[in-house]
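The values are calculated or read from the model by the stated rules, or taken from the named source; none is laboratory data. Remember, predicted model here, so these are calculated numbers, not experimental data. Cβ coordinates were reconstructed from backbone atoms using ideal geometry, including for glycine residues, and neighbour counts include every protein chain displayed. Just so you know, the surface numbers come from the protein's heavy atoms only, side chains and all, with ligands and any DNA or RNA stripped out. Shrake-Rupley method; radii C 1.70, N 1.55, O 1.52, S 1.80 Å.
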Number of protein chains: 2
Amino acid sequence: MPSDHTRSAILAAAERLYADRGFGDVTLRDIVAEANVNLAAVNYHFGSKDELIAELFVTRSIATNRERLRELKAAEEEGGGRAPIEVILRALVGPTLRGCLGPENQRSTAARFMIRASIESVPPIRRIKNREIDHLRKFAGAMRRSLPDRNDVDIYWGLNFALAMAHHTIRESERLTKLSEGQCDLDDVEDVVERVVSVATMALTAGRTEAKAPSRIAAR
Amino acid sequence: MPSDHTRSAILAAAERLYADRGFGDVTLRDIVAEANVNLAAVNYHFGSKDELIAELFVTRSIATNRERLRELKAAEEEGGGRAPIEVILRALVGPTLRGCLGPENQRSTAARFMIRASIESVPPIRRIKNREIDHLRKFAGAMRRSLPDRNDVDIYWGLNFALAMAHHTIRESERLTKLSEGQCDLDDVEDVVERVVSVATMALTAGRTEAKAPSRIAAR
DNA sequence: TTGCAATTCAAACAGTTGTATGAAACTATC
DNA sequence: GATAGTTTCATACAACTGTTTGAATTGCAA
């Protein structure tokens, strides 16, 4: 066993620095200084800077996705293949929100890193995110089973809006806090989860699905 | 009148290149080549690269904000100081969505630039976005007048979710198209606006506001 | 201990970046 | 048409970037 000391020191230092200062102004030299290793070690162990970033992001997002699917599977098994839509949505947005929100001073490095990744979206990360569609399809399938009356388009829009609310709230949590002068409590993660889930549920269940286009009121 | 030829050629070329290839890999040399002007012209006319980007973004976002406020003001005047919540939300998300969505081949350079700005979020742009809170406060105020029974926290969350759905749909429009295999029609902008507005309206009007915390079902 | 592979290291490389300079060209005013 | 102010230009600068190199060191197996 090759001890792995250098490799994991680089990973830890890189995640910490990226989390604190963003991808934009952290260089390999910053990372190796923080990790107390030689500059060439990054290319030796990871091949390139981008592959280092990719490995960091893949590790974390695999963990999140696994947790999502675990919750989803448990819910569907309990319901005999059909889970309530709220529970599906909670499985979709819960792990992400729990991973990224919560009291700032006790946010893990991993969480702060994932927030950065959500805000800055550098090329290696974007490439990985593009491969996440298969994962989302599983949720679309579960939602379709849960709401067999709904047409696919509504399902996809509901899924899109659920992710929108979760990710935007993470990305712009500071702004929401400032806008509301602290009245919106972003530290109460379970409250945030329930807010997102309840709105997404309404989006998916309100009205009948017959009329494909929603009531179109002329905007001007 | 100093003709302004060089200055506006730089602005046009920069906006086009940033729109097409993103901020990440467009250099000043690319821009001056596209604009057929000298390299030093950028620093002469704008001071620095960041100030050039800032000017581009400020111009576009001032235009959007003006349109938003125009719609909001018209609605409130018509309603005697109190506009229906749907109309307020339409004024909030309509201009942005109309500016950034629609048939890809007829999207303006400005629209594609704003999509980039929404995705990549470079420092000079982030600085400007942080100053937009005052603008959002005006909408929060209008929403409060429209829904006097709602408490502030719910208003802010509704505002947050409305922006979330609009911006996320813009940012991830490609992914939604791919996920839905083209079934979700992102080119029908007014349909998108109505979907966002109707969900946001539900978020803001459903249930009573008495119970500060929504029904909390244990997630696990 | 010897030998061999894996790892670490200092140093340099090659390229790019935004910015600064100072002279040249232009423009408009008197 | 001389002058003053603005704008353009070629060029250089200085700094920083990720990556590579080849020698030194380490750790382990024979």
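Residues that are under 19 Å from B:Ser121 (Cβ atoms), free of Cβ contacts under 8 Å to residues at least 60 places away in the same chain and open to solvent by less than 10 Å² (accessible area, probe 1.4 Å) within region B:20-55 comprise B:Val26, B:Leu52, listed in sequence order.
Can you go through A:Asp50, A:Asp30, A:Asp4, A:Asp25 and tell me which one is within 8 Å of DNA strand D (Cβ to nearest atom) and modelled with pLDDT under 95? Explain how you work it out, then say what you get.
Numbers: A:Asp50 fails: modelled with pLDDT under 95; A:Asp30 fails: modelled with pLDDT under 95; A:Asp4 fails: within 8 Å of DNA strand D (Cβ to nearest atom).
That would be A:Asp25, the only listed residue that is within 8 Å of DNA strand D (Cβ to nearest atom) and modelled with pLDDT under 95.
Close contacts from region A:181-193, counting a first residue that is in contact (Cβ under 8 Å) with a residue 24 or more places away in the chain and a second that is loosely packed, with under 14 Cβ neighbours inside 10 Å, with Cβ to Cβ under 6 Å and a gap of 6+ residues or different chains, come to A:Asp187/A:Pro103.
Here B:Val189, B:Val196 are screened, and the one residue that is crowded, with 18+ Cβ neighbours inside 10 Å and facing chain A (nearest Cβ under 9 Å) is B:Val196. When the criteria are applied in full, B:Glu210 fails the requirement of being more than 7 Å from chain A (Cβ to nearest Cβ), at pLDDT below 95, closer than 21 Å to A:Leu136 by Cα and open to solvent by 40 Å² or more (accessible area, probe 1.4 Å).
Output the number of residues of region B:35-87 satisfying the condition of being in contact with an Asp or Glu (Cβ under 6 Å, 6 or more places away or on another chain) and within 15 Å of DNA strand C (Cβ to nearest atom). Don't jump to the end; show me each part of the working.
Filtering region B:35-87 for residues in contact with an Asp or Glu (Cβ under 6 Å, 6 or more places away or on another chain) gives B:56, B:83.
Going one step further and asking which of them are within 15 Å of DNA strand C (Cβ to nearest atom), we end up with B:56.
So the answer is 1.
Scanning region A:173-183 for residues that are open to solvent by 40 Å² or more (accessible area, probe 1.4 Å) and either under 19 Å from A:Glu194 (Cβ atoms) or among the basic types (Lys, Arg) (or both) returns A:Thr177, A:Lys178, A:Gln183. Going through (1) open to solvent by less than 50 Å² (accessible area, probe 1.4 Å); (2) within 14 Å of DNA strand C (Cβ to nearest atom); (3) under 24 Å from A:Ile128 (Cα atoms) one by one, A:Ser8 falls short only on (1).
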